[in-house]
Each structure stands twice: as structure tokens, then as C-alpha cells.
Amino acid sequence: MDVDKTVDEYYQQILKRNPGEPEFHQAAQEILSSLKYVLRKDDHYADEGLIQRLAEPERQIIFRVPWIDDQGNVRVNRGFRVQFNSVLGPYKGGLRFHPSVNLGIIKFLGFEQIFKNSLTGLPIGGGKGGSDFDPKGKSEHEVMRFCQSFMLELQRHIGEDIDVPAGDIGVGGREIGYLFGQYRRITGRHESGVLTGKGLTWGGSLVRTEATGYGVVYFMQEMMASNKERLHGAKVIVSGSGNVAIYAIEKAQELGATVVAFSDSSGYVSTPEGVDVELLKDVKEVRRGRVSDYANETDKATFHEKGNIWEVKADVALPCATQNELGEEDAKMLADNGCKYVAEGANMPCTPEAIDVFNTRHTLFAPGKAANAGGVATSALEMQQNASRDSWSFNYTDQRLRDTMHNIFRACNDTANEYEVPGDYVVGANIAGFKKVADAMLAQGVI
């Protein structure tokens, strides 16, 4: 079997069947590059159309979302839910509300989610959804009316044993609340496990808000410890200032690091003495302001409207904003400035060219499907609590999250060693996630 030729044929099939979806192509190419190692050892994974089936969603749902703005105008957005693979459990993955959302982006996110969810070791399949609706600049009532219209269609396709959405970019506690309320109104039942990221008084889990940000830092701790280094005393850059970034900053500083910069789409803030996390939470979570507002309210920070956050010198970089935010030149700047570790808090924030730079410059790199899996892992823990009508303590849930991130790192590290690419956590994560899903698909037949 000519593995390189076979994998290239798989990729050409994906390009032909999914035109105009560059993010999905990028995610598929990364997985296929790693699978070369598997197919050279275990060519039975090329049987029964396994890889072709894996790259084809089980279901793709696109729907109209009409709603009325505060001026009485009818507005129309497009909604998506891609239910990609349910071989390990009900579909699980967030909802993203952002103007950039299209089918290709949702498919890329859902495809990544399959392997991320597999790595958690929990019984959840992969899916993703969202809309091109932009919550920014909308009133509370407009957001509520949109969410209610969105759920009017989505409710036909979800359930605690079918598909369990959560939040993502543009979908936080407010949006989950409106979505859950409408689901309850339509169905006439309090089915707590149908959505995760809920409020603590109505079925939510402690640590869920913090989980993705905390998890990426726990993964980074494991990476550094495996190289006999500590996060304590390190200088850290965190791109973004949303949920993932805020709690990555909080946990990194709790563990003794200094976060020296963070950002949003308007620019970045340098914080050489560290971040006032409570002020950042107030600006971003309460007032929904910009990072420039943070800088204006403290004399220990400087806002840079122009420039590049990746030019700030640091030991560790955590890209936590959005896909493809960190390119080849950014990676070179980080490496030139002595950055030794990069872990993705967002989904696919580093371009393939950036990852190549990290590999050639010996900057250890952790992909999002491993490093940011803490969010979906804690969502699955929320589902467990809902199923048992139970509520766990913060410390117990946080320890479960720590244990999960430890296990994910071990799986990535051990798999990379098994396939003789030590320190390549991309290959390790892709193969470890793939084999569990693939074995279950082969066991369950051609479906």
C-alpha cells in the first residue's frame, strides 16, 4: 500500500466533495497528515471506507432564523448544526454566533470536535453549530428574540441522548439562558441535559465557566513538567479577552506566571507586571467593553492599537482568540523572542505555516483539540450531574478537570512516542483521538 498516494487521494476526495470550505480542508489535511503514521503500521484502518465515512458528517442542518429588531424590522439570519459523528455518544459541541459563521467553518469545528471529545475519554460524539448572527451591538431583547427563533428550529434536532449543544464565540451564559428557556417552553419539560453551560441555579456546573481557560493552562503545566520546567515565574502572552482568555490568565497567574499581554480585535494591552483579573472581568464580562477600556482604568497597562501581540517577549504563548490568528511571521517573532511553548486555547488559531515554524525552531506546540478540551470535558461532567440530579463541589469538579487534562497529555505524549515522533503533540493528539473513534466505527459496522 502506497500510504502517501492513498492519503492524497483521500484529501482530493474531500476537496471535491466540499468546495469552498478552506477551514474544513485545513482541518482534514492536518488529520490526514498524522494518519500516515497509522496506516503504515495498521493498514486495516483504510478498509471499509472508514476514513471517507469519518470525513462525511452524519447530518448537516441549515435553517432560516427570522427575528424582529427593536425598530420593528424583520431580520433574517442563517442557522447551522452539523452532527458529525455519534459513534462514542450523543453529538457534543458548541454554538457560535458570529458574522463569519458559514457551513465550512461549522464543519471544521465539528470535525475537530470528534477527536477532541474522543481524547477526553468521556462518552460524547462530535458536532458543532451556530449562526451568522452578531450579538455585538444588539439589545438584550434583540438577542433574546433571535435565540428564541433559533431554538424554534434547533429543538427538533437535539436532546440529552441525541445532541447536546453548548456555548462558543458569541454564545455565553446569557444566550444559553434564552435558548434553554425557549426549549423548555416548546417541549414542556425541564430536560437539564439538553444544553450545557447553564446557570448554576438551573442545572449548570461549577467550573464550567472557567474550564477551557483553566484546562489549557493545566495542559501547559504538563508540557513544561515533561521538560523539567515550571509555569511558575514564566512570562505568558494570551491573545483574546473572552471567556477562554480571561480564565487562562486567571489560572496562569494563580500558578505563579505573569501574563504580560492580552488582546481583542481592536489591539492589544501590554501588562509587564501582570493582569488585574477582576478589572478585566468587569470590563469584558459585566460592561462588555474593549481592552482599551481596561488600559484606561489602570496605570499598569498600555493599549497598542497598532502592532502585534506576538512581538511581545514571553516564554509561553496561549492563542485564545479565533482560527488562523497566528501566522508564519508571528511564529517567527515568537521564536526569535525566545518563546518555548505554545498551546492553543482557541480552535485552530495557528496556521499550518506557523506550526511548521514551531517544529523547525523547537518551540513545543499543543493543538487545540488536546489543549482546549477542558471545556467540553467539563460540559460532559455537567451532563453527568444533570443525569444523576446531582451537583458537585468546585474543588471536586476542578480536580476532575485536572485529571482529564493530565490524561489527555499522557495520551498525546505516549502516542507520539509510540509512533516515533517524540514531542509532536499534533501527531499524538490526532492519532490518539482517531484510533478510539475508528475502532468504535469498525466495531459498529458500515453505518
Starting from residues that are closer than 22 Å to residue 321 by Cα and acidic (Asp, Glu), keep the ones in the range 89-148 and report whichever is least open to solvent (accessible area, probe 1.4 Å).
112
Selection count where residues are in a loop (DSSP other than H, G, I, E, B) and of a type outside the set (Ser, Thr, Tyr), scope the range 290-310
9
Quick check on the range 418-432. Is at least one of its residues closer than 18 Å to residue 343 by Cα, at pLDDT 95 or above, assigned to a helix (DSSP H, G or I) and over 20 Å from the mean Cα position of the chain (by Cα)?
no
Output for the range 27-62, where each listed residue is surrounded by fewer than 18 Cβ atoms within 10 Å (Cβ to Cβ) and polar (S, T, N, Q)
29, 33, 52, 60
What's the number of the condition residue 354 fails, among (1) over 20 Å from residue 96 (Cβ atoms); (2) open to solvent by 10 Å² or more (accessible area, probe 1.4 Å); (3) touching a Gly at 6+ places or on another chain (Cβ under 6 Å); (4) aliphatic (A, V, I, L, M)?
(2)
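Condition (residue is of a type in the set (Ser, Thr, Tyr), under 26 Å from residue 285 (Cα atoms) and outside any strand (DSSP E or B)) applied to the range 71-94: is it met by at least one residue?
Our first condition is that a residue be of a type in the set (Ser, Thr, Tyr); within the range 71-94, this holds for 86, 91.
Within this subset, residues satisfying the condition of being under 26 Å from residue 285 (Cα atoms) are none.
Checking the range 71-94: not a single residue is of a type in the set (Ser, Thr, Tyr), under 26 Å from residue 285 (Cα atoms) and outside any strand (DSSP E or B).
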Give the residues of the range 165-178 that are in contact with a helix residue (DSSP H, G or I) (Cβ under 6 Å, 6 or more places away or on another chain) and either closer than 19 Å to residue 110 by Cα or in contact (Cβ under 8 Å) with a residue 60 or more places away in the chain (or both), sorted by residue number.
166, 167, 175
Looking at the range 202-221, which of its residues are at pLDDT 95 or above and among the β-branched types (Val, Ile, Thr)?
207, 212, 216, 217
Filtered residues of the range 225-266 (kept if part of a helix (DSSP H, G or I), of a type in the set (Val, Ile, Thr) and open to solvent by less than 20 Å² (accessible area, probe 1.4 Å))
246, 249
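So if I check each of 363, 415, 397, which one is touching a helix residue (DSSP H, G or I) at 6+ places or on another chain (Cβ under 9 Å), at pLDDT 95 or above, surrounded by 24 or more Cβ atoms within 10 Å (Cβ to Cβ) and among the polar types (S, T, N, Q)?
415
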Can you tell me which residues in the range 1-27 are among the aliphatic types (A, V, I, L, M) and part of a helix (DSSP H, G or I)?
3, 7, 14, 15, 27
Tell me, which helices (runs of 4 or more DSSP H) wholly within the range 311-407 include 1 or more residues that are within 16 Å of the chain's Cα centre (by Cα) and within 30 Å of residue 198 (Cβ to Cβ)?
368-371, 374-388
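Test residue 213 against the criterion of being of a type outside the set (Asp, Glu) and either touching a helix residue (DSSP H, G or I) at 6+ places or on another chain (Cβ under 6 Å) or open to solvent by 20 Å² or more (accessible area, probe 1.4 Å) (or both), and give yes or no. Explain how you work it out, then say what you get.
On the way: of a type outside the set (Asp, Glu): yes; either touching a helix residue (DSSP H, G or I) at 6+ places or on another chain (Cβ under 6 Å) or open to solvent by 20 Å² or more (accessible area, probe 1.4 Å) (or both): yes.
For residue 213, the condition - of a type outside the set (Asp, Glu) and either touching a helix residue (DSSP H, G or I) at 6+ places or on another chain (Cβ under 6 Å) or open to solvent by 20 Å² or more (accessible area, probe 1.4 Å) (or both) - is met.
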Taking into account only those residues within the range 274-289 that are modelled with pLDDT of 95 or more and outside any helix (DSSP H, G or I), which is most open to solvent (accessible area, probe 1.4 Å)?
276
Got at least one residue in the range 185-204 being part of a helix (DSSP H, G or I), in contact (Cβ under 8 Å) with a residue 12 or more places away in the chain and surrounded by 21 or more Cβ atoms within 10 Å (Cβ to Cβ)?
yes
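For residues that are touching a strand residue (DSSP E or B) at 6+ places or on another chain (Cβ under 6 Å) and open to solvent by 50 Å² or more (accessible area, probe 1.4 Å), tally how many sit in the range 167-184.
Our first condition is that a residue be touching a strand residue (DSSP E or B) at 6+ places or on another chain (Cβ under 6 Å); within the range 167-184, this holds for 167-171.
Restricting the remaining residues to those that are open to solvent by 50 Å² or more (accessible area, probe 1.4 Å) gives 169.
Final tally of qualifying residues: 1.
Let's see how each residue does on (1) modelled with pLDDT of 95 or more; (2) over 16 Å from the mean Cα position of the chain (by Cα):
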position	(1), (2)
48	no, yes
60	yes, yes
72	yes, yes
110	yes, no
Kindly indicate which of 387, 377 is open to solvent by less than 10 Å² (accessible area, probe 1.4 Å), of a type in the set (A, V, I, L, M) and on the phi < 0 side of the Ramachandran plot.
377
Would you please list the contacts, defined by Cβ atoms under 7 Å and residues six or more apart or on different chains, that run from a residue in the range 68-84 that is over 16 Å from residue 102 (Cα atoms) to a residue that is in a strand (DSSP E or B) and open to solvent by less than 80 Å² (accessible area, probe 1.4 Å)?
74/66; 75/67
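Answer yes or no as to whether residue 347 is open to solvent by less than 70 Å² (accessible area, probe 1.4 Å) and in contact (Cβ under 8 Å) with a residue 12 or more places away in the chain.
yes
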What residue, among those in the range 290-315 that are open to solvent by less than 40 Å² (accessible area, probe 1.4 Å) and of a type in the set (Ser, Thr, Tyr), is nearest to residue 246 (Cα to Cα)?
294
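The values are calculated or read from the model by the stated rules, or taken from the named source; none is laboratory data. As the structure is a prediction and not an experimental result, all values here were calculated from the model. Backbone-built Cβ (ideal geometry, glycine too); neighbour counts: all protein chains shown. When the accessible area is computed, the model is the full protein with side chains, heavy atoms only, and any ligands, DNA or RNA have been set aside. Shrake-Rupley method; radii C 1.70, N 1.55, O 1.52, S 1.80 Å.
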